[in-house]
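Take a look at the structure set out below.
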Amino acid sequence: MPFPDEIAPVVLVQSTESWAPDFKLLLKTLRLLDLSPRGTIDHVGSTSVPDLVAKDVIDVQIRVPIIQTERTLDAFTSVGFRHRPEDWNNLELTRNGPEAKLVFAPRMSARRANIHVRADDSTGARDALLFRDYLRANEQARNGWGEFKLSIVRNVKDIDLATYGQIKQPRWRKLMGEADTWAAREGWSAEPLVPWSRL
């Protein structure tokens, strides 16, 4: 569930060039966190795909070899981030079943964002990167996904985030099946983890 300062109907906006710099500002802070000797920090979600409509919320994925829960919670709270405590933000229902993850929001009044911490070998981590890269590479799929999202907010007045997510789920699964086919054809794979000092 959103924190009280985040509660509002879902609004989609056109892609903007400010999203990439907004991610880079977050990256500066996240690099300072001592989460693991190795990892990656990536811009994911719809704001990471040029020309795709999206909620004005930056999604970031941090991949680490293993999620060290207490270490991660301490690191994020030390810089003012808020842990999202809901079950679905800590046990993600992926295409291959439930997987542990952690999700954080910035402090109140900061630029809206979601920081997802996932294990490198998890389905959730792979799917976040595959979704981004497939839509970046495939204009038809990108336009179709954008139009589908717009149809949801047009047809359901003042739709809340939970309902919006539920409506998207079947179409998202179909999209990811297409992305799997593309990944196999193109030889796509997620980039490997690097030493944290090189992020």
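The values are calculated or read from the model by the stated rules, or taken from the named source; none is laboratory data. Keep in mind that this is a model prediction, so the values were computed, not measured. Because the Cβ atoms are built from the backbone with ideal geometry, glycine has one as well, and the counts that use them run over all protein chains shown. These area figures cover heavy atoms from the full protein model, side chains too; ligands, DNA and RNA do not enter into them. Shrake-Rupley method; radii C 1.70, N 1.55, O 1.52, S 1.80 Å.
Structural remarks
- Counted residues, region 21-42 - those being farther than 17 Å from Val79 by Cα, within 18 Å of the chain's Cα centre (by Cα) and open to solvent by 50 Å² or more (accessible area, probe 1.4 Å): 1
- Matching entry among Thr72, Thr77 (being hydroxyl-bearing (Ser, Thr, Tyr), farther than 18 Å from Leu129 by Cβ and crowded, with 19+ Cβ neighbours inside 10 Å): Thr72
- Of all residues in region 151-185, those satisfying the criterion of being touching a residue at least 12 places away in the same chain (Cβ under 8 Å), assigned to a helix (DSSP H, G or I) and more than 17 Å from Ser46 (Cβ to Cβ) are Ala162, Asp180, Trp182, Ala183.
- Residue in region 91-109 that is open to solvent by 30 Å² or more (accessible area, probe 1.4 Å), at pLDDT below 95 and small (Gly, Ala, Ser) present: yes
- Qualifying positions in region 40-96 - in a strand (DSSP E or B), out of contact with any Leu (no Cβ under 9 Å at 6 or more places or on another chain) and either of a type in the set (D, E, K, R) or in contact (Cβ under 8 Å) with a residue 24 or more places away in the chain (or both): Asp59, Arg82, Glu92, Thr94
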